[in-house]
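Take a look at the structure set out below.
The values are calculated or read from the model by the stated rules, or taken from the named source; none is laboratory data. Quick caveat, the model's predicted, so the values are computed rather than measured. Every residue, glycine as well, gets a Cβ built from its backbone with ideal geometry; the counts of neighbours run over all protein chains shown.
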Amino acid sequence: MKDYPTRIAKLGISIYDELPDHEYFIPDLELAHILEQHFLGFELGTLPARTRSKLAKEEVCQALGYPVPKSFKKTQPRFPGQDLDVYVQSSNNLQIWNEELSPERRYALIRPDANGVVTRVRVIRGVDLAQFDTTGTFTSKYQARMTHKGISCLLSEEDAQGIAELSSLEPDLTGVEPVDLPSASTLYPISEIYRRLLPIVGTEYTIPSGYSDRIRGEVIHKVVCRQLGYQSFADDGTFPDVKNQLLEVKAQTSPTIDLGLHSPSTNVAILETEQMTVHADEVRYAIFECETIGASTSFRVNALYLVTGGDFESHFPLFKGMVQNKKIQLPLPRDFFDLNPKQA
């Protein structure tokens, strides 16, 4: 594990300065480990909430190798260089004021006991915090517009460099499920994914009673997994749909593509394995242009567009959805702080 705090301290930059290189951006797991090691057993005491919050931020500065500022600016987030916000949570009701829940931001939640002694630290992305929102206001933050019509195309001829170096034309999927983490032994190159999925175009599918967009998406998702060579279908509801291939699947009858909480072109880490750190712009998007037939009891796939996140906006213009600017309340589950940050 790299000694990020020492490296940052040698730079002499503040928490508000832009990092000179992505190598100084602390990955989620390391960030959780550093903060846990620093805070466990630390006494925040019974100070007023604002004073305690300021003390916690000062300690985060020291833990990460940054100098403590004379005063903390009201930036969003409070630690811009590390895309990090810090909350002291003595209750299971997380409140975020006057800003939207940012999908890629890291939220460090520090848990003190009744005596003010820190017992747990969790680092979690905004996209994962959104699952605790019971109002559903964060499920379609990003949307894009369909601009291609009826002609299948491999819009990105090559993968992002980091993915291209790990992919193989003949990966071994024996015993592998679509929701498993990707590895060098399982990743297809984007060109091979396109070749395997192209036969889906022109096919018609019957929808069970109670037709909905969600069901159509599930049908295509299952077919995609089969075409890629998986022996079984699995869906854990997280991004991207086929995690093992870093592939997000969209079945479109509408001109609006709902992208959820991830902006395709951002260079932010979305998952980490022992072999790689995957960024949002490295994800592959399989967009199937579909047409309902008859009384919407079946549909036909008319075209396939395959594109990387990095190239996505060049072909499908992005527009922003509703922005929240008020207090957000997220009820955290009882066992939220019982989870090991390294495995959460």
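Which is part of a loop (DSSP other than H, G, I, E, B) and either surrounded by fewer than 16 Cβ atoms within 10 Å (Cβ to Cβ) or touching a strand residue (DSSP E or B) at 6+ places or on another chain (Cβ under 8 Å) (or both), of Thr51, Thr46?
Going through Thr51, Thr46 in turn, just one is part of a loop (DSSP other than H, G, I, E, B) and either surrounded by fewer than 16 Cβ atoms within 10 Å (Cβ to Cβ) or touching a strand residue (DSSP E or B) at 6+ places or on another chain (Cβ under 8 Å) (or both): Thr46.
Filter the range 65-78 for residues that are surrounded by 18 or more Cβ atoms within 10 Å (Cβ to Cβ) and not charged (D, E, K, R) and give the result.
Gly65, Tyr66, Pro77
What's the number of the condition Pro5 fails, among (1) in contact with a Leu (Cβ under 6 Å, 6 or more places away or on another chain); (2) within 28 Å of Leu330 (Cβ to Cβ)?
Here Pro5 meets the rest and fails (2).
What number of residues within the range 271-290 satisfy the criterion of being closer than 21 Å to Phe316 by Cα, part of a strand (DSSP E or B) and of a type in the set (A, V, I, L, M)?
Residues flagged as closer than 21 Å to Phe316 by Cα, part of a strand (DSSP E or B) and of a type in the set (A, V, I, L, M) within the range 271-290 amount to 2.
Checking the condition at pLDDT 90 or above and either surrounded by 15 or more Cβ atoms within 10 Å (Cβ to Cβ) or within 20 Å of Asn267 (Cα to Cα) (or both), which residue from Gly12, Gly81 passes?
Gly81
Yes/no matrix, rows are residues, columns are (1) at pLDDT below 85; (2) among the aliphatic types (A, V, I, L, M); (3) within 22 Å of the chain's Cα centre (by Cα):
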position: Gln62; (1), (2), (3): no, no, no
position: Pro69; (1), (2), (3): no, no, no
position: Tyr107; (1), (2), (3): no, no, yes
position: Val123; (1), (2), (3): no, yes, yes
position: Asp133; (1), (2), (3): yes, no, yes
position: Thr137; (1), (2), (3): yes, no, yes
position: Ile151; (1), (2), (3): no, yes, no
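If I ask for residues that are outside any helix (DSSP H, G or I) and either closer than 15 Å to Leu11 by Cα or not assigned by the TED database to the domain that holds Ile13 (or both), which ones from the range 58-87 would you list?
Answer for the range 58-87, where residues must be outside any helix (DSSP H, G or I) and either closer than 15 Å to Leu11 by Cα or not assigned by the TED database to the domain that holds Ile13 (or both): Gly65, Tyr66, Pro67, Val68.
Inside the range 155-171, can you point out the residues that are more than 18 Å from Ile257 (Cα to Cα), aliphatic (A, V, I, L, M) and at pLDDT 90 or above?
Result: Ala160, Ile163, Ala164.
Taking only the range 225-256 into account, find how many residues are at pLDDT 90 or above and either more than 27 Å from Asp83 (Cβ to Cβ) or not in a loop (DSSP other than H, G, I, E, B) (or both).
Residues flagged as at pLDDT 90 or above and either more than 27 Å from Asp83 (Cβ to Cβ) or not in a loop (DSSP other than H, G, I, E, B) (or both) within the range 225-256 amount to 19.
Which of the residues that make up the range 119-132 are out of contact with any Asp or Glu (no Cβ under 8 Å at 6 or more places or on another chain) and closer than 22 Å to Glu59 by Cα?
Arg122, Ile124
Can you spot a residue in the range 310-320 that is among the aromatic types (Phe, Trp, Tyr), within 18 Å of the chain's Cα centre (by Cα) and at pLDDT 85 or above?
Within the range 310-320 (the criterion being among the aromatic types (Phe, Trp, Tyr), within 18 Å of the chain's Cα centre (by Cα) and at pLDDT 85 or above), the answer is yes, since at least one residue qualifies.
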